[in-house]
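Trainee: One structure coming up, written as structure tokens, with questions to follow.
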Amino acid sequence: MNYKIVFSDIDGTLLNKDRKLSDLTKKVIRELNSQIPVILISSRMPQAMRHLQEQLHISHQPLICYNGGLILVDNKTVSSTEIPLEIVEELNTFNSSLECHLSLYHNEEWYVPQMDKWALREENNTEVTPTVLSNDKVIEKWKGEEKSAHKIMCMGEETHIDQIVDFLSANFQDKLHLYRSKLTYLEVASRKVSKLTAINQLLKEHFHYDIKEAIAFGDNFNDYEMLQAAGLGIAVGNAKPEILEIANEITHHGKEDGVAKSLQKLFKLS
């Protein structure tokens, strides 16, 4: 198959043990990008992806953020799908007794209720500094601005996250995607979108390629659909068992340059 485009997840897939891009990954993707586009696709916000694009010399390529909730082409929004604000409000009310950390994201904005251990960990992981503002005040602010969250990140004790999952599943199952990347982490996005819907839109409207001409790399549940649909879905060795099961190929661990090594082999790169 003559593959024409590559989509890669970031966390757990592209970064090394220090949560950085390895020298090999940078070298391989810089070389490959002279032949075909390499697109980053993640649950991250735009700022947490742009510095990686710069290092890979792919800043001119589109970005798929928030698990498909936001698509940027030439730094302009071509697709934006938010969680209804009333759901954000109801979750905030439900969480008042649990006091889990709720990070609220909209496009370039990231709000945290306080700089606790959860916020500090995410700041370290993404190299982005959030704005400290209570969830109540963010919701009030967004009401006036007629916007809502592209993503909610719930972080807290496992039992509390269990309760949030149960609450959201019982009340908004048809409106939300719930991605539990860890027992203490829950990412919430609109059910209208996924990484696959975003890929399909970009391929149709921007690149004019078929999904079977695409390679996709991933490791987690939010990568399932895109790996299954892509012409070549490749799971890194550390992927969830369910992802390993449906992948066309399994490469090395994400921390051991799995993406770079696969691309070297597929495209006969140095």
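Trainee: In the range 194-211, which residues are in a helix (DSSP H, G or I) and under 19 Å from residue 178 (Cβ atoms)? Outline the logic, then answer.
Mentor: If we filter the range 194-211 for residues that are in a helix (DSSP H, G or I), which is where we start, we get 195-207, 211.
195, 196, 197, 198 - these are the residues of the range 194-211 that are in a helix (DSSP H, G or I) and under 19 Å from residue 178 (Cβ atoms).
Trainee: Which of the residues spanning the range 212-259 are in a helix (DSSP H, G or I), under 19 Å from residue 19 (Cβ atoms) and over 19 Å from the mean Cα position of the chain (by Cα)? Lay out the reasoning, then the answer.
Mentor: Residues of the range 212-259 that are in a helix (DSSP H, G or I), as a first pass: 212-213, 221-229, 241-246, 254-256, 258-259.
Filter again for under 19 Å from residue 19 (Cβ atoms), leaving 222-223, 254-256, 258-259.
Passing the criteria: only 256.
Trainee: For the range 100-126, how many residues meet the condition of being in a strand (DSSP E or B) and modelled with pLDDT under 95? I'd like the intermediate steps shown before the answer.
Mentor: Going through the range 100-126, the residues in a strand (DSSP E or B) turn out to be 101-106, 109-112.
Narrowing the set further to residues that are modelled with pLDDT under 95 leaves none.
Going through the range 100-126 one residue at a time, the tally reaches 0.
Trainee: Yes or no: residue 54 charged (D, E, K, R), under 16 Å from residue 10 (Cα atoms) and either in contact with a helix residue (DSSP H, G or I) (Cβ under 6 Å, 6 or more places away or on another chain) or not in a loop (DSSP other than H, G, I, E, B) (or both)? Step through it out loud before you land on a result.
Mentor: Details: charged (D, E, K, R): yes; under 16 Å from residue 10 (Cα atoms): yes; either in contact with a helix residue (DSSP H, G or I) (Cβ under 6 Å, 6 or more places away or on another chain) or not in a loop (DSSP other than H, G, I, E, B) (or both): yes.
In short, yes.
Trainee: Taking the options 256, 249, 245, name whichever one is more than 22 Å from residue 200 (Cβ to Cβ), loosely packed, with under 15 Cβ neighbours inside 10 Å and in the same structural domain as residue 28 (by TED's automatic domain parsing). Before you say what the answer is, go through the steps one by one.
Mentor: Working: 256 fails: loosely packed, with under 15 Cβ neighbours inside 10 Å; 249 fails: more than 22 Å from residue 200 (Cβ to Cβ).
Residue meeting the stated conditions: 245.
Trainee: Further question on the same structure: Kindly list the number of the only condition in (1) farther than 29 Å from residue 16 by Cβ; (2) in contact with a helix residue (DSSP H, G or I) (Cβ under 9 Å, 6 or more places away or on another chain); (3) assigned by TED's automatic domain parsing to the domain that holds residue 60 that fails for residue 163.
Mentor: Failed condition: (3).
Trainee: State which residue pairs qualify: first residue in the same structural domain as residue 218 (by TED's automatic domain parsing) and inside the range 259-270, second residue crowded, with 17+ Cβ neighbours inside 10 Å and among the hydroxyl-bearing types (Ser, Thr, Tyr) in any location, beta carbons under 6 Å apart, and separation of 6 or more residues or different chains.
Mentor: 259/8; 260/25; 262/251
The values are calculated or read from the model by the stated rules, or taken from the named source; none is laboratory data. Everything numeric in this text was worked out from a predicted model, so none of it was measured. Glycine gets a Cβ as well: all are built from the backbone with ideal geometry, and neighbour counts include every protein chain shown.
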